[in-house]
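Structure record follows, encoded as structure tokens.
The values are calculated or read from the model by the stated rules, or taken from the named source; none is laboratory data. Just so you know, these numbers come straight off a predicted model, no measurement behind them. Glycine gets a Cβ as well: all are built from the backbone with ideal geometry, and neighbour counts include every protein chain shown. We work out accessible area using only protein heavy atoms, side chains counted, and drop any ligands, DNA or RNA first. Shrake-Rupley method; radii C 1.70, N 1.55, O 1.52, S 1.80 Å.
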Amino acid sequence: MRKLFYPVFAMLCLCVVTMVVSNNTHAHHLLTDMELDCSEDFPCPEALHGRVVFWAHVYFKWGKDKAVFHDPDIPERVYSVVDTGRGCSSSVKSRLNRERKRIKTALYNTAKKLESSAPLSEEEQHLASLFPGKNPNQLRRKSEKIRCQTGIRESFIKGLARFNRYSYMVDSILAQYNLHPDIRYLPFVESTYNPRAYSKAGAAGMWQIMPSTARTLGLQLDATIDERLDPEAATHGAARYLTESRTSLTKLAQKIDPGVQDSEISPFVITSYNYGVNGMRRAIRKVNPDYMEVLEKYRSPSFRTAVKNFYASFLAARHVVKNAEQYFGKELAPKPVRVLTLALNNPTSVDRIKQVFGFSEEELRPLNLGLTRFIWNGWRMIPAGYKLKLPHRDDEYVNEIAYFKSLPRENPIPESGTYVVRKGDTACGIARALQINCQDLISANRLGKRALIRIGQKLVIPGGLFALDQSGSGGVEKTVIQRASSSPDQQTYRVIRGDTACAIARKYSVSCRELIRFNNLGRKAVIRVGQSLLIPGTGSDRRELARLDEGNRYLVVKGDSACRIANRFNVDCNELIRLNNLSRKATIFPGQRIRIPGFEAPQTNETLTELAQLDKAIAEAGSRQVDALTGVPRPELDNLLDTIPNLSVRVSQAGGEPVYSIIAMAEETLGHYADWLGIGYAGPVRTLNSMSAKASLSIGRTISLPIDSVGQISRFERKRVEFHQILNEELKENYQLVEIRSHVVNKGDTVWNLATEVGFPVSLFYRLNPDLMNIALVPGQQVLVPILRERT
């Protein structure tokens, strides 16, 4: 599966790229020529020289305030450099459009004067000098394709400081894999060496690894740990990728041309980190193992600007870092951070670590970037076996570690039924992490229809506290515990003057709808003074409610029947059969999820309904912005990030036997399914679905699962939900969803290209356009595109 590269300099490219190289086009006053100290291992062909010079200027000369307008096909053809104060940010869109229009007009005027041999102005002379041969038709064609690039000088300087911290570790790991030491410069292209970098498309860490790629590289990614963000673990993953890439591409290239040299493979290996090994193999097969020839001749909708410039930008980063003193007045002074590593024998809360060792989150988190938001928010414990890093101290924390090891194993039950809101939180994101009903959380805290919350707000956790079993494989099981404010035997409440049904429900932290249904109060929920009400969620009823999942569905076990389940929940059997579209015989199977009449599945403040309304509004309004149409505030758009699709295992029947299946979602792999099923490898899944070893998994495909027990279903669904939720949480921590736009599909558009160019996760696209799963985009088609903005 192709690994996404989302470079720090990437901006929206509005064209399909073609390649024409001239070694004269970089020689003009907006670019300073330079001598590139290339090597045999990473060659710099003369035809690539201008590209390298351009990206070097992006790194060392132009800052984040500069908008550089250039030819996307020949980036060194720079038309103008404008100080907008925000570079090419959409916040200065009108100014960018004016400059692009001005350049277009100037190119047209220059072409016209060249045809008539009229005298050229100073700017027109500059524009004409960028086109060898001064062909007027070429100027007109190029006026339709003008790209804007933001400078990253400030980010690159910060990257040099991070390079000093991590380069020793990176060098050591590259040596372990017998990789060339110059690969140490690749993270500058990916993230300017930022281990916390998180792209809009979902790539994470110093090496910008995608979720689907992480698993193939042996990196852990679940509710508690994301090793893409751990600099050391991610470097091992990247090194494995590059090693396998060189082996694969060398074998193919030598098959085509036995005389090909290792140095000729290097540009393909570096580019594969952006485009994927399979993408590079297709290009080599179609053209030949000559990198410059591939750039000039290979055509593919996905072979665009970022891909074509990746190797050149790597060479530019290498040159600038090697000459950092010349460009920034800074000498490289590698100084790795010294740490002490403590292996945890038992699951441990981050609060205990803070208390025992006396560190704050601000001191611990930079050293343990692989721990997820679930850990730092207190939603999960640090799993046993994790190697916790502590700031170096000469005495090696002898006393603290001795005391820590003497402490009893932690009870994972929270000490209180409250949670303090943090950056990036949403009501339903919190609810899903704590495995409670979102609507209950909203009601218990009176958050209103929009469920708006603020950083620092203290939320009451409704429906009782729960324990999280984090032993063994790190799975999570929910055990409902009575809140201290109500005794286990309390099942009734006598109404007093001033009571309302929903006020009583809030008092006991239960759903108002459940209380009304339990007591047959009717639509108006009329109650009278002295009336005794049953409190749902206590006594034997609580044991039944505890068997419902987060979607308020019941998991069928051996011995169940439709009417027995209906009887347990005091609902009509025929209504339950109709609600679940069961056959006349009402046949059900272990592992099947059954909806219970009157138990509404939690949603994010009606956001799914709102989403449908937004979709309709866009269709009616064309290209107008959604928020302008509806007035939906940004926090509500943020809540849409929590509307993950149905991830349940589906149960059907074939020959009287149950068949278990799912719909494949973005970022998932067959390897993930094997891990979540606990079967170790993907062979049984491939066999069951008649998939060859080389067959790839397509989004939207129905995949049958080799399931033997209800427990296996529970494990699979739990781990699958947590995988997607941690991706949601990481996205929310870094970005806000600020707008949903209507986009008319152009020729050559794919979901992948839109995701990388506009900047959004593929999974979010399919949440907005669920009918398009496993269907190719068609030119002229109207789709919804999410617009994300980085959190400040």
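Numbers below:
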{"item": "Thr341 closer than 30 Å to Phe723 by Cα, in contact (Cβ under 8 Å) with a residue 40 or more places away in the chain and surrounded by fewer than 19 Cβ atoms within 10 Å (Cβ to Cβ)", "result": "yes"}
{"item": "Region 39-61 residues that are closer than 16 Å to Lys322 by Cβ, paired with ones that are of a type in the set (Val, Ile, Thr) and open to solvent by less than 30 Å² (accessible area, probe 1.4 Å) (beta carbon under 7 Å, 6 or more apart)", "result": "Cys44/Val52; Ala56/Val320; Tyr59/Ile152; Tyr59/Val320; Phe60/Val320"}
{"item": "Scan of region 645-667 for residues that are over 21 Å from Val710 (Cβ atoms) and either open to solvent by 10 Å² or more (accessible area, probe 1.4 Å) or in contact with a Phe, Trp or Tyr (Cβ under 8 Å, 6 or more places away or on another chain) (or both), ordered by number", "result": "Pro645, Met665, Ala666, Glu667"}
{"item": "Condition met for Phe163 (in contact with a Gly (Cβ under 9 Å, 6 or more places away or on another chain), within 30 Å of Gly85 (Cα to Cα), open to solvent by less than 20 Å² (accessible area, probe 1.4 Å) and in a helix (DSSP H, G or I))", "result": "no"}
{"item": "Qualifying residue in region 305-314 (condition: in contact (Cβ under 8 Å) with a residue 12 or more places away in the chain, out of contact with any helix residue (DSSP H, G or I) (no Cβ under 6 Å at 6 or more places or on another chain) and aromatic (Phe, Trp, Tyr))", "result": "no"}
{"item": "Residues located in region 302-323, provided they are basic (Lys, Arg) and open to solvent by 10 Å² or more (accessible area, probe 1.4 Å)", "result": "Arg304, Arg318, Lys322"}
{"item": "Qualifying residue in region 120-129 (condition: farther than 27 Å from Val758 by Cα, open to solvent by 70 Å² or more (accessible area, probe 1.4 Å) and either touching a residue at least 60 places away in the same chain (Cβ under 8 Å) or outside any strand (DSSP E or B) (or both))", "result": "yes"}
{"item": "Helices (runs of 4 or more DSSP H) wholly inside region 706-792 containing at least 2 residues that are touching a strand residue (DSSP E or B) at 6+ places or on another chain (Cβ under 8 Å) and open to solvent by less than 40 Å² (accessible area, probe 1.4 Å)", "result": "710-734, 762-768"}
{"item": "Region 221-264, subset over 17 Å from Tyr291 (Cβ atoms) and among the polar types (S, T, N, Q), residue surrounded by the fewest Cβ atoms within 10 Å (Cβ to Cβ)", "result": "Thr247"}
{"item": "Scope region 317-368; condition of a type in the set (Lys, Arg), outside any loop (DSSP other than H, G, I, E, B) and more than 22 Å from Ala402 (Cα to Cα); matching residues", "result": "Arg318, Lys322, Arg365"}
{"item": "Residues being in contact with a Leu (Cβ under 9 Å, 6 or more places away or on another chain), part of a loop (DSSP other than H, G, I, E, B) and open to solvent by less than 60 Å² (accessible area, probe 1.4 Å) - total across region 131-155", "result": "4"}
{"item": "Selected residue [under 31 Å from the mean Cα position of the chain (by Cα), buried (at least 19 other Cβ atoms within 10 Å of the Cβ) and at pLDDT 65 or above] from Leu637, Leu614", "result": "Leu637"}
{"item": "Cβ pairs under 6 Å, 6+ apart, first in region 395-412 and touching a residue at least 60 places away in the same chain (Cβ under 8 Å) and within 11 Å of Asn346 (Cα to Cα), second open to solvent by less than 90 Å² (accessible area, probe 1.4 Å) and polar (S, T, N, Q)", "result": "Arg409/Asn346; Glu410/Ser349"}
{"item": "Residues of region 94-119 classified as buried (at least 17 other Cβ atoms within 10 Å of the Cβ), farther than 24 Å from Phe54 by Cβ and hydrophobic (A, V, I, L, M, F, W, C), total", "result": "1"}
{"item": "Unmet requirement for Tyr403, which otherwise passes all of (1) in contact with a helix residue (DSSP H, G or I) (Cβ under 7 Å, 6 or more places away or on another chain); (2) at pLDDT below 80; (3) surrounded by fewer than 14 Cβ atoms within 10 Å (Cβ to Cβ)", "result": "(2)"}
{"item": "Filtered residues of region 363-400 (kept if surrounded by fewer than 16 Cβ atoms within 10 Å (Cβ to Cβ) and charged (D, E, K, R))", "result": "Glu363, Arg365, Lys387, Arg393, Asp394, Asp395, Glu396"}
{"item": "So Lys158, is it under 26 Å from Arg86 (Cβ atoms), open to solvent by 10 Å² or more (accessible area, probe 1.4 Å), among the basic types (Lys, Arg) and assigned to a loop (DSSP other than H, G, I, E, B)", "result": "no"}
{"item": "Residue count, region 45-64 (criterion: open to solvent by 40 Å² or more (accessible area, probe 1.4 Å) and not in a helix (DSSP H, G or I))", "result": "3"}
{"item": "Per-region count, region 577-606, residues in contact with a Cys (Cβ under 8 Å, 6 or more places away or on another chain) and either open to solvent by less than 70 Å² (accessible area, probe 1.4 Å) or modelled with pLDDT of 85 or more (or both)", "result": "4"}
{"item": "Matching residues in region 270-295 - criterion: being hydroxyl-bearing (Ser, Thr, Tyr) and under 13 Å from Ser245 (Cα atoms)", "result": "Thr271, Ser272, Tyr273, Tyr275"}
{"item": "Filter pass, Ser690 being over 15 Å from the mean Cα position of the chain (by Cα) and part of a strand (DSSP E or B)", "result": "no"}
{"item": "Subset of region 689-700 [at pLDDT 95 or above and buried (at least 16 other Cβ atoms within 10 Å of the Cβ)]", "result": "Asn689, Met691"}
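Listed here are the residues, each with its yes/no results for (1) farther than 20 Å from Leu30 by Cα; (2) modelled with pLDDT of 95 or more; (3) of a type in the set (D, E, K, R); (4) out of contact with any Cys (no Cβ under 9 Å at 6 or more places or on another chain).
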| residue | (1), (2), (3), (4) |
| --- | --- |
| Val78 | no, yes, no, yes |
| Val81 | no, yes, no, yes |
| Gly87 | no, yes, no, no |
| Ser90 | yes, no, no, yes |
| Lys93 | yes, no, yes, yes |
| Asn97 | yes, yes, no, yes |
| His126 | no, no, no, yes |
| Thr150 | no, yes, no, no |
